[in-house]
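All remarks here apply to the structure that follows.
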Amino acid sequence: MSYDIIVIGAGPAGLSAAVQARARGKTVLVVAGSDKDNALYKAQRIDNYLGLPGLTGAEMLARFSDHARENRVERRMGRVLSIMPVKDRFYVSIDADMEEAGAVILALGVSRGKKYSGEAEFLGRGVSYCATCDGALYRGKPVAVVGLSADAPEEAAFLSGLGCQVTYVAVKRPQELEEGIPFVKGVKLEIRGEKTVTALVADGEELPCDGIFLLRPSLAPTDLLPGLRVEQGYITVDRNGQTSVPGVFAAGDCTGLPLQVSKAVGEGMMAGHRAAEYLDRQRQN
């Protein structure tokens, strides 16, 4: 399906951008995982957001989501795997599907954690970021699921249902993980292989496997869109939220300090406004 704007991320910046774009008559799709993956969700009390003191992070996110829904912002649960610019359009890979837009707004939050040893080398050769995309390739085979997102237990169950021999690896066993799926505690991870993956090493314990599913809440910006300018881990933007890639805007924590809700909302408003203006100019040319 084609949209005017696809927003990646459903935190304060992403939803603010989406509401602003809808106010300017644009069709908008917001793509994100569970709210539980958002750092704001865990906040016990927020007193420094103007006009809404005393809310928990979960309550604030719920209010933002309700506002976006009332403005007919379409939202989809999913993990964005890549963004491909083609002429004046962007093709956004969401799990096993592809959506199209005239502009993209990145509201990814902070990308935490470096790549594991062996991750880049074996990407596409046993390492995958999407269970629904690649799970069928591993029917009857041993796989490891590295659970870094709230929906990882659900994806592990999906893989198990396909017939994969699943081992779930995380810092702590999640309550949602099916009882029949083995769990291994792992903090320090290493991916090993030859031509393809042969094992995941978790805190020194080698787990033989043919596939490894690394299920993070989101990918690093440069993994999503090669050529995106990043400095010290943050996406470089101008005052309008424009990135180094024309038609791609960014807002919120992914653009740098301070990591505050009010900053994210303001930047999201600007990114949504400027993305709509960008589309209007494109149509006039």
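The values are calculated or read from the model by the stated rules, or taken from the named source; none is laboratory data. Just so it is clear, the model here is predicted, and its values are computed rather than measured. Don't worry about glycine lacking a Cβ; one is built from the backbone with ideal geometry, like all the others, and counts go over all protein chains shown.
Things to note:
- In this structure, R173 does not qualify as part of a helix (DSSP H, G or I) and more than 30 Å from G51 (Cβ to Cβ).
- Filtering A21, A58, A96 for residues that are exposed (fewer than 15 other Cβ atoms within 10 Å of the Cβ) and hydrophobic (A, V, I, L, M, F, W, C) leaves a single hit, A96.
- Among the residues of segment 135-153, some residue qualifies, meaning at least one is assigned to a helix (DSSP H, G or I), in contact with a Cys (Cβ under 6 Å, 6 or more places away or on another chain) and crowded, with 16+ Cβ neighbours inside 10 Å.
- Cβ-Cβ distances below 7 Å connect the following pairs, each with a first residue in segment 36-54 that is outside the structural domain of L148 (by TED's automatic domain parsing), a second residue that is of a type in the set (D, E, K, R), and a separation of six or more residues or different chains: Y41/D35; P53/D47; G54/R45; G54/D47.
- Any hit, segment 158-169, residues being of a type in the set (A, V, I, L, M, F, W, C), outside the structural domain of L81 (by TED's automatic domain parsing), under 30 Å from V7 (Cβ atoms) and more than 18 Å from the chain's Cα centre (by Cα): yes
- Here C254 clears all of (1) of a type outside the set (D, E, K, R); (2) more than 20 Å from G9 (Cβ to Cβ); (3) within 19 Å of the chain's Cα centre (by Cα) except the condition numbered (2).
- Selection within segment 119-134 - crowded, with 20+ Cβ neighbours inside 10 Å and either outside any loop (DSSP other than H, G, I, E, B) or outside the structural domain of E206 (by TED's automatic domain parsing) (or both): F122, V127, S128, A131
- Among residues of segment 151-202, those that are hydroxyl-bearing (S, T, Y) and out of contact with any strand residue (DSSP E or B) (no Cβ under 7 Å at 6 or more places or on another chain), counted: 1
- Any hit, segment 54-73, residues being in contact with a Leu (Cβ under 8 Å, 6 or more places away or on another chain) and within 19 Å of L225 (Cβ to Cβ): no
- For segment 254-266, residues that are in contact with a Pro (Cβ under 9 Å, 6 or more places away or on another chain) and surrounded by 19 or more Cβ atoms within 10 Å (Cβ to Cβ) total 4.
- Count of segment 99-118 residues which are at pLDDT below 95 and surrounded by fewer than 18 Cβ atoms within 10 Å (Cβ to Cβ): 5
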